[in-house]
Amino acid sequence: MSAAEPVVEGAAVDASAAATEAQRILAICNICGYCNGFCPVFDAARERPAPHRGDLSYLAHLCHACRNCLESCQYAPPHAFGVNVPRTLERLRWLDYADYVWPKPLARLMRAGMVLGSKADFALFLKLFLAMIVPLLMGFWWLPWSQLTQPALGPGGFYRIVPFPLMVCLGVATLGWALLSIGVSLVRFWRAIGGGRPAVRLTWSGLSAVLWDLASLRHLDGGGAGCTDSHSPLAPARRWLHQLLVLGFLCCFAATVVAAFWHHVLERVAPYPIGSLPVVLGLVGGLLMLASALGLWWLRRRTNPLALAPERKGGEISATLWLLAVVLSGLALLVWRGTSAMGLLLLAHLGFVYGFFLLLPASKFVHAGYRLLAVLRLRLEQRNIDADTSRRG
Amino acid sequence: MKGPQVLVVGGGIAGLCAAISARRAGARVLLVESAPRWRRGGNSRHGRNFRFCHDQPSALVPERYQADEFTEDLARATAGTGDAALTRLLIERSRAAPRWLLDSGVALQERNRGTLPFSRKTAFLLGGGQAMVNALYAQAERLGVDVRYGCVANRPCLRGNRLASIELRSSSQSGTSGQSGQSSASGLTGQAAESGGVPGRSSLELPQELVLEPAPEHPPEQAPKLTSETLTPDAVVLACGGAQGNPDWLRQHCGERVEGFINRGTPEAHGKLLIELLAAGAQAVGDPSRLYLVAVDARSPPADGGIVTRIRGMPQGMVVDRDGLRRHDEGADRGSTRYARWGQRLADYPGQIGYLLLDAAALREVPAALYPPLVAPDLQGLARQIGMDAAELERTWLTYNAAMRSSFGDDSLRPDLHSHLELPPHSVFPTDSHRDLHPDGSTHAPLDPPRTGPARALDTPPFAAYPMRPGLTFTYHGLAVDARARVQLSSGEPIANLFAAGTLMAPNLCPQGYLSGLMLTIGQVFGVLAGEEAARHVRG
Ligand SMILES: Cc1cc2nc3c(=O)[nH]c(=O)nc-3n(C[C@H](O)[C@H](O)[C@H](O)COP(=O)(O)OP(=O)(O)OC[C@H]3O[C@@H](n4cnc5c(N)ncnc54)[C@H](O)[C@@H]3O)c2cc1C
Ligand code: SF4
Ligand code: SF4
């Protein structure tokens, strides 16, 4: 299969064809090597001249889709060699998410994300989205209308709608599920990318170096030039937006932790005043996520479509929608918590949050874990090499 | 828009540098590029590093490389045939090349970013030539240079020592993408693509799944409509590269054997303007029959295969012609010039084709190649795949292996193979005259041609072959220029408003031989110079 061949949206992607195409392209890159200043993928590929499935996974997740190597490739389609590294590796990444996911049935969901165009999977998606608003519907069923439409003015206002223990239990259960599922998937991934490679020593210093790499987006600067967000100019916008999104997420997370601390230790019961720490953190986080998610979406629309794997679109749209649902419902709750809409908004927000956690293992957001492990492996392999050479003198 | 003051012909490194520098000097500039947008940038798309003079090590280069050494290197490579004054100019101005490129938006690769081949004399373009070309186009457009793709300049009209006019032919949608609407350029591509006339290539069958499929062609519906206009710009900079994409011209100067060559670079380099200007009285430099050739896989596309089609494993194996005969010492050259040596040799092989033969052990040692080798469990099978006389191949093979064992004998595991007498006599000795007596008493034929080691017998099946052809990189024929980059008439007088830069005038500096990274430097230095001079001419 040539990279120039357009993949019909909605068509299932053949995993073995994708792997063969990746091998074909990387073999060309291994001879050429012009792009090895952009990112570590090319040097790593040269160390794996006959890549097996795990090697390909490793290389795929080492790529952060800056697209520079497509714009700079003298063999990019429509050239007869049809070299398109970003699209090919993005395709592998999505196949990997489905391949390594645990438990297996989630793979179906993950693939559904890839082929949003097909009718059956679209129906599946619709059901899932409905599932996210189940708590809202349950609230309707159980709570008397008068209670549901009470504004949350005094302390404990939220818990009249959803009792505190239930709120916490559901949160812990859904998040726990997400962490367990993603954790198992990542262990499988880690084993696969280490297969047939020299063992690496996992050290704290290695780990902290990686965390710093990731926080600073060390490998994401395109060799100093930035990413090719749109058709040609290299720009740092995408890196920034991505980091703002992560920061926003962390703010919201921090808001939850602070609130829990206030509740249990300081025994202050929500809702908290507008200027208070949990609210400010949540508000800032929500706005950051909103702005950066929209910014990323806008950049993507301007990106050379040739660089993108068409089948990833469904997964990306759904991830963005889930995130927006959580963020917008949270912001709405904050704004209208003093009104009679509070009860409904709270139920909606909680429903979206729990649903978000439930679906997390089958969403694009798992890429963070995969990427972290790929960069970790890169760092550890480099450290091994450095250690070996310094020992040899 | 008012007509351009400076017309730049060709959008590779030389043309882009000229357009940018003329625009910075205040001129209204039009750059015409014959290729469609996706293939813009000529041979410059394929380059990676350029040579420059520097007195200090830096993030780009680990050591210094001073003017004297540069001068000596160039004199040695060209056997002192380059123009001395222009050479001085090139070397002095090459100092500023990295800074100029960086300031124009081109990213250079620092040495601690990714593994680079060791080079203390050259700097590397981050992402290679295509990335540079993209950055320069972006810069030119930002500065307000008017760029036209799919637009060919031809029919220059000289009047005395001035260029009076020049014609532009463009396809109707000369804008941003699509097919090159230019008849001669696309005609050449089409003709080459059929490749039916190239002997030997059809006999090479590849397993279907390994063939690199050509990308789908551009939609043929929109037959390009040609428009023609005559332009009278104040000054013209020619930066339209060499003539390696013009089979007729090549045939005329180098004979029928060019049928067996493969063009590694752009098919757009048809050299029309060069030919027309020489006919109109411009002074030529260089030698039209001299070509820069390297060995490439015979299965490479007819043009634009670039850097990845090279075959590099000659020192690990044995090279034979299509009749199964060795012709050269495979181990003799090790420097960076070795690729060019083999290109030149293959040009003299019958049918312009040769085969690098390897055994399983050697195959593991050779540098990676684009296409998988032809493989067979035994020699007969391999000969059949190639379409070669098996007996002849076997004779060469046995002679070679026997000589390898006696010279570099590492086959202690099978000492019986050392005895040549066990082999049928006709398989051992190519000619009787080569027979002499070895000190240990065994009959020994000195290998002809000899083989420089390290090398060993090729005797572990399966056996493999890479078919090779000469890959044309650029031509050594161009326009003579003066120190202001003005094209000269054969009378010695410069044409006041016609400038040349890049490959088109490179033979002034390098009429033969080559130094790696030299061509991009010539393009950058003389591109900038020609742009400045053209703008100066316009201002009067
Ligand atoms: C595979 C390969 C690798 C190389 N690697 C290196 C390297 O690492 N370092 C190095 O220094 N050199 C290298 N070279 C050589 C170098 O790339 C070229 O010599 C150099 O880029 C030529 O630049 P140029 O601007 O003169 O010509 P080109 O880059 O060839 O540009 C000429 C342009 O003119 C256009 N054109 C032609 N005729 C017309 C016309 N009539 N009207 C309008 N437009 C026209 C063409 O489309 C083309 O875009 C390499 C060459 C090849 C093929
Ligand atoms: S993407 Fe293209 S230019 Fe970059 S290394 Fe691969 S083949 Fe070379
Ligand atoms: S898209 Fe960017 S990160 Fe991915 S392989 Fe290409 S250069 Fe590397």
Return the long-range amide H neighbours of B:A284 (sequence gap of 5 or more, or a different chain), with a cut-off of under 5 Å between placed amide H atoms. B:A480
Too-long pairs where the Cα-Cα distance tops 32 Å, listed order kept, from A:K313/B:K225; B:K2/B:K272; B:K2/B:K121: A:K313/B:K225; B:K2/B:K121
Would you kindly calculate the translational diffusion coefficient of the range B:71-175, applying Stokes-Einstein with the Kirkwood radius from alpha carbon pairs, for 10 °C and a viscosity of 1.306 mPa s, and quote it in µm² s⁻¹ without decimals? 89
With each pseudo-label sitting 7 Å past Cα toward Cβ, what's the A:T203-B:R334 distance in nm, one decimal? 3.7
Loop-only GluC sites (Glu not before Pro) in the range A:243-346, please: DSSP not H, G, I, E or B, and at most 13 other Cβ atoms within 10 Å. A:E267
Would you mind giving the mean number of other chain beta-carbons within 10 Å of the Cβ of each residue in A:35-42, as a whole number? 6
For the range A:238-377 the translational diffusion coefficient, Stokes-Einstein from a Kirkwood Rh over Cα pairs at 4 °C and viscosity 1.567 mPa s, in µm²/s, is roughly 78
How many partner chain Cβ atoms sit within 10 Å of a residue's Cβ in peptide B:122-133, on average, as a whole number? 6
List the residues, sorted by chain then number, that are 5 or more residues from B:R290 or on another chain and whose placed amide H is less than 5 Å from its amide H. B:Y476
Ordered by residue, what ³J(HN,Hα) values in Hz, to whole numbers, does the range A:203-208 give under the Karplus form 6.51 cos²θ - 1.76 cosθ + 1.60, where θ = phi - 60° and Gly and Pro are x? 10, 5, 5, x, 5, 5
Per the rule of 0.36 nm per residue minus the C-alpha distance, extending B:S491 to B:E69 adds in nm 148.5 nm
Students often check this: by mean Cβ neighbours within 10 Å, which of B:522-531, A:282-291, B:464-473 ranks highest, and how do the rest follow? B:522-531, B:464-473, A:282-291
Charge dipole (the range B:306-417, unit charges on Cβ, about Cα centre) - positive-most of B:V375, B:P315, B:A391: B:P315
Given R₀ = 60 Å, what would the calculated FRET efficiency be for A:L126 paired with B:R384, taking r from the Cβ atoms and rounding to 0.05? 0.50
Projected onto the charge dipole of the range A:288-393 (+1 at Lys/Arg Cβ, -1 at Asp/Glu Cβ, origin at the Cα centre), which of A:H367, A:Y354, A:L333 gives the Cα projection farthest towards the positive end? A:H367
For the range B:303-386, the dipole about the Cα centre with charges only on Cβ (Lys and Arg +1, Asp and Glu -1), to the nearest 20 debye, works out at 140
Please compute, for peptide A:20-26, the average count of beta-carbon atoms on other protein chains lying within 10 Å of each residue's beta-carbon. 1
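Any read-out appearing in this document is the output of simple, stated calculations on the displayed coordinates, not a laboratory observation. Because the structure is a prediction, the values reported are computed rather than measured. Counting neighbours? That spans all protein chains shown, and the Cβs are built from the backbone with ideal geometry, glycine included.
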